[in-house]
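First the structure, in the form of structure tokens, and then the observations on it.
The values are calculated or read from the model by the stated rules, or taken from the named source; none is laboratory data. All figures in this text were calculated on a predicted structure; none of them were measured in a lab. Note: ideal-geometry Cβ built from the backbone for every residue, glycine included; neighbour counts use all protein chains shown. Areas reflect the complete protein model, heavy atoms only, side chains present, ligands, DNA and RNA absent. Shrake-Rupley method; radii C 1.70, N 1.55, O 1.52, S 1.80 Å.
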Amino acid sequence: MSLDLDSPSTTNRDWIFPSQSFNLPRTPARRFSSSYPRTTSLQNSLSHPPSNSTPPAVPRTLRRRISHRHRIVERESSVDAVTDGKSNDFAVQSGECPSSGNKTTSVDKKFTSFFRRFTVSRQTACIIAILVTCFTCLVHKNFSLHNQVNDLQDELSKLNIRLRRCNISDSIDIIDSISEHNVSGASLKNTALILSFMMLSLPLAFIKYMGYISYIRRPSDSNTEELSLNKQLAYRVDVFLSFHPYAKPLTLLVATLLLICLGGLALFGVTDDSIADCLWLSWTYVADSGNHTNSEGIGPRLVSVSVSFGGMLIFAMMLGLVSDAISEKFDSLRKGRSEVVEQNHTLILGWSDKLGSLLNQLAIANESLGGGTVVVMAERDKEEMELDIAKMEFDFRGTSVICRSGSPLILADLKKVSVSKARAIVVLAEDGNADQSDARALRTVLSLTGVKEGLRGHLVVELGDLDNEVLVKLVGGDLVETVVAHDVIGRLMIQCARQPGLAQIWEDILGFENCEFYIKKWPQLHGMQFEEVLISFPDAIPCGIKVASSGGKIILNPDDSYVLQEGDEVLVIAEDDDSYAPAALPMVQRGNLPKNLIIPKTTERILFCGWRRDMEDMILVLDAFLAHGSELWMFNEVSEKEREKKLTDGGLDISRLANIILVNREGNAVIRRHLESLPLESFDSILILADESVEDSAIQADSRSLATLLLIRDIQAKRLPYRESMVSKIHGGSSSQGSWREEMQQASDKSVIISEILDPRTKNLLSMSKISDYVLSNELVSMALAMVAEDRQINDVLEELFAEEGNEMQIRGAALYLCDSEELSFYEVLLRARQRREIVIGYRLANADKAVINPPAKTERRKWSVKDVFVVIADKE
């Protein structure tokens, strides 16, 4: 190795790998190795310097190398060159004669620059080494994968050679098996095609030649006529479709499956698909007729078109069945054939003119409960019933009305309206003949008693004839409460004829709009006398006791000394069942009657216009009420002999009448000259009856009654003595407008006319004219039915008030209980009336149009007039 300093390669190698010939201090951490050979004498001279202080002589060649290295360091370290330029020169000079301190400083700077250069070179070398390693690995992996691919290709070539050898030996066997399979598949497909065609043709041939077959089977010597097979088959199919509810859907399902199977077999015969694929393809043709457009070939297209056509027929039949089922269900809902799922509802069986008033009263009764449910079942169309109910001009007050179409004589229809869960069942009488209506009501009661589940509620049956009441109660037993409408109206008319204004009071008592009867048990009143009970209710008026010891018998107007026992209930007149309660006894002074007046009975003259079928019952009631010597005039179109026959057939013995005298007049009540033959101005009361000949038509009967009323009032007004004074007032300058009405109103003050009105719309006409103390028969009967439906015990109270004996509603003058302008409280008047064994339930002031029942503030005192009247419950005697 040359050590020439002029060679750049030598210099570079020496700089990177320095030798140990420098006389510099080194630590073990900075020891570098060099590949150059080092001289042993030089190393020994550097490692073992002489002991004296004089430095050894430096060779010339070494100095040149050191000087050259200094120049290289000065060139690369620009910072040291700028700041220490002079110092470098000095170092060079002193290098020739160096001292030990300067030489150490220069070498440290050189090693610092060397270490920086070495660090950068080491990082670069590491990066290059990593890149080279990665590239080498990738190249090695590539060559490895290439070798594996070559090995696999060689192995695949060997396997292909072996496979070719095997195929050459087995090709003959495969060809033989394929030919056999094709032959068997073709025969199977032909069999399937023929079978499908035969299955489709056989039913058609059988239907066509069925008559010929039946003709061959018939014996030649048979003289009897036998039905053909086609008729028998048609009959069996008809019975099957009619008897079984799911016959039509089942037939459609069988037809669909048969079509899918036949289509699958036919497709299997004309295509190369398997039988499963052909069945599925046949189903797609049935389900969607557009799928056959993808078929290729004449055979598949013919089969697909045929199956698609059958599928269209199948789905058309299915749509018809679904449409019929939906229409039938909607028709069932529309016609009211669905079942009613209700409990504790009121059930009304039948339809009549009284239904509107009955629904109104039930709605008012259920208002305090937030509304109830009323179910109406009649032999009418559901839509018609709902339309008629919607036309009724009243508020249902939260009560829902459900209509169902059906017959009360059929148990299935009764179960459809939940008859066993109803709390009350009302059977309405039909419009028309009374006997036929009662006969139908009797059959209805028989049907109701035949319900297997039993009845939870009671029956309220409206009858037309009193004679049929015994039969209905015999069949129904304790479950039945009867209301004889004709009898009730007749008795009310007689009571109202004798006491004008009583019709309005009965409307207030029977209806739920004002005050009505309630029965309830009050344990805190046990041990009190009835006189004390009378003044124990600030918001009600006690009028009777339900005695528990007598089996629940209701006693109206009991003695003051009666003491309430445990289990007894109090009958009161109150506004609602939750509007009253007993309170502390008030301080009431018991006064004395002004004088013990006895009201003598006077003879009366009463006129009946028209003929009712219960005329004998009305005559018996009048004979019990009127004084001896009273006259009853009967004016109608029935001849006198026929009248006597009808009365006798009804059980009336005219010879046994004790108090009245019958006077018969024949004529038409709507003809003026017939009415003018009667002394109309001399009658105390005139009753215009709904004639038997027209009672089936409410409008015709009311028109006849209204015409008779107007004619009678006009004749009375012209015959009364104050007519001349009225005429003089009119000619004196007063307006003549309404003069006829004024004359009739003044005539009505002299005599009482009671009109039997069947249609509620006629009520407005009579209310405006104020010429008649009317009786609205249908509405009063509906009120009674509603009250008995809500509480069956009230029927006993009404029967006593309507009967010939016992207590009744009466109107008394105030002079019986007080003096004129006397100041008394209502309780004081009540206690005074108890001296006459009467219960005061209300009053009507002299200047008032209506009576006040169950007045409030019963302890407040006020002045009374002798012209005032009181409404009392008193004994008929």
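All but one of (1) open to solvent by 40 Å² or more (accessible area, probe 1.4 Å); (2) under 28 Å from residue 354 (Cβ atoms) hold for residue 682; which doesn't?
Result: residue 682 passes all but (2).
Residues in region 379-401 that are touching a Lys or Arg at 6+ places or on another chain (Cβ under 9 Å) and open to solvent by 60 Å² or more (accessible area, probe 1.4 Å): how many?
The number of residues fulfilling the criteria is 1.
Criterion first (in a helix (DSSP H, G or I) and open to solvent by less than 20 Å² (accessible area, probe 1.4 Å)) does residue 437 satisfy it?
Criteria met by residue 437.
Return the total of residues in region 622-673 being under 23 Å from residue 707 (Cβ atoms), in a loop (DSSP other than H, G, I, E, B) and open to solvent by less than 20 Å² (accessible area, probe 1.4 Å).
2
Run down 554, 598 and say which single residue is within 22 Å of residue 515 (Cα to Cα) and β-branched (Val, Ile, Thr).
554
Filtering region 448-472 down to residues that are out of contact with any Leu (no Cβ under 7 Å at 6 or more places or on another chain) and of a type in the set (Val, Ile, Thr), which residue is nearest to residue 350 (Cα to Cα)?
Taking the candidates together, the pick is 461.
Taking interchain pairs and intrachain pairs at least six residues apart, which have beta carbon atoms under 8 angstrom, with the first residue in region 510-525 and under 28 Å from residue 397 (Cα atoms) and open to solvent by 20 Å² or more (accessible area, probe 1.4 Å) and the second in a strand (DSSP E or B) and of a type in the set (Lys, Arg)?
519/546
Would you call residue 497 of a type in the set (A, V, I, L, M) and either surrounded by fewer than 17 Cβ atoms within 10 Å (Cβ to Cβ) or closer than 24 Å to residue 377 by Cβ (or both)?
So residue 497 fails the test.
Can you spot a residue in region 406-419 that is within 30 Å of residue 618 (Cβ to Cβ), open to solvent by 70 Å² or more (accessible area, probe 1.4 Å) and not in a helix (DSSP H, G or I)?
no
Restricting to region 271-289, name every residue that is over 17 Å from residue 257 (Cβ atoms), part of a helix (DSSP H, G or I) and free of Cβ contacts under 8 Å to residues at least 12 places away in the same chain.
277
Quick check on region 837-853. Is at least one of its residues surrounded by 15 or more Cβ atoms within 10 Å (Cβ to Cβ), assigned to a helix (DSSP H, G or I) and small (Gly, Ala, Ser)?
Checked against the condition, which is being surrounded by 15 or more Cβ atoms within 10 Å (Cβ to Cβ), assigned to a helix (DSSP H, G or I) and small (Gly, Ala, Ser), region 837-853 yields no hits at all.
Suppose we filter region 748-805 for residues that are modelled with pLDDT under 80, assigned to a helix (DSSP H, G or I) and open to solvent by less than 10 Å² (accessible area, probe 1.4 Å); how many remain?
Of the residues in that region, 2 qualify.
Between a residue in region 648-662 that is on the phi < 0 side of the Ramachandran plot and aliphatic (A, V, I, L, M) and any residue that is open to solvent by 90 Å² or more (accessible area, probe 1.4 Å) and assigned to a loop (DSSP other than H, G, I, E, B), which pairs come within a Cβ distance under 9 Å, given they are 6 or more apart or on different chains?
Going by the 9 Å Cβ cut-off, the qualifying pairs are 658/628; 660/628.
Looking only at region 582-602, filter to residues that are touching a residue at least 60 places away in the same chain (Cβ under 8 Å), open to solvent by less than 80 Å² (accessible area, probe 1.4 Å) and within 59 Å of the chain's Cα centre (by Cα); which one of those is farthest from residue 859 (Cα to Cα)?
Looking at residues that are touching a residue at least 60 places away in the same chain (Cβ under 8 Å), open to solvent by less than 80 Å² (accessible area, probe 1.4 Å) and within 59 Å of the chain's Cα centre (by Cα), I get 582.
Yes/no matrix, rows are residues, columns are (1) over 27 Å from residue 578 (Cβ atoms); (2) of a type outside the set (A, V, I, L, M):
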{"residue": "309", "(1), (2)": "yes, yes"}
{"residue": "314", "(1), (2)": "yes, no"}
{"residue": "327", "(1), (2)": "yes, yes"}
{"residue": "338", "(1), (2)": "yes, yes"}
{"residue": "353", "(1), (2)": "yes, yes"}
{"residue": "371", "(1), (2)": "no, yes"}
{"residue": "380", "(1), (2)": "yes, yes"}
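Within region 448-491, take every residue that is out of contact with any strand residue (DSSP E or B) (no Cβ under 8 Å at 6 or more places or on another chain) and polar (S, T, N, Q) and give me the one that is most open to solvent (accessible area, probe 1.4 Å).
Here the residue is 449.
Give the residues of region 266-279 that are of a type in the set (Val, Ile, Thr) and open to solvent by 60 Å² or more (accessible area, probe 1.4 Å), sorted by residue number.
Answer for region 266-279, where residues must be of a type in the set (Val, Ile, Thr) and open to solvent by 60 Å² or more (accessible area, probe 1.4 Å): just 275.
Which one is most open to solvent (accessible area, probe 1.4 Å) among residues in region 854-871 that are under 16 Å from residue 540 (Cβ atoms) and outside any strand (DSSP E or B)?
Step by step, filter region 854-871, then rank; the result is 856.
Tell me which of these residue 477 doesn't satisfy, since it passes every other one: (1) modelled with pLDDT of 85 or more; (2) in a helix (DSSP H, G or I); (3) of a type outside the set (A, V, I, L, M, F, W, C); (4) over 16 Å from residue 795 (Cα atoms).
Looking at each condition in turn, residue 477 falls short on (4).
Just to check your reading of the model, which residue among 282, 295, 306 is in contact with a helix residue (DSSP H, G or I) (Cβ under 8 Å, 6 or more places away or on another chain), open to solvent by 60 Å² or more (accessible area, probe 1.4 Å) and polar (S, T, N, Q)?
Checking each option against the conditions leaves just 306.
Can we say residue 301 is in contact (Cβ under 8 Å) with a residue 40 or more places away in the chain, open to solvent by 30 Å² or more (accessible area, probe 1.4 Å) and either closer than 27 Å to residue 195 by Cα or not in a helix (DSSP H, G or I) (or both)?
no
Taking the criterion of being open to solvent by 20 Å² or more (accessible area, probe 1.4 Å), touching a helix residue (DSSP H, G or I) at 6+ places or on another chain (Cβ under 9 Å), in a strand (DSSP E or B) and among the aliphatic types (A, V, I, L, M), would at least one residue in region 562-571 satisfy it?
yes
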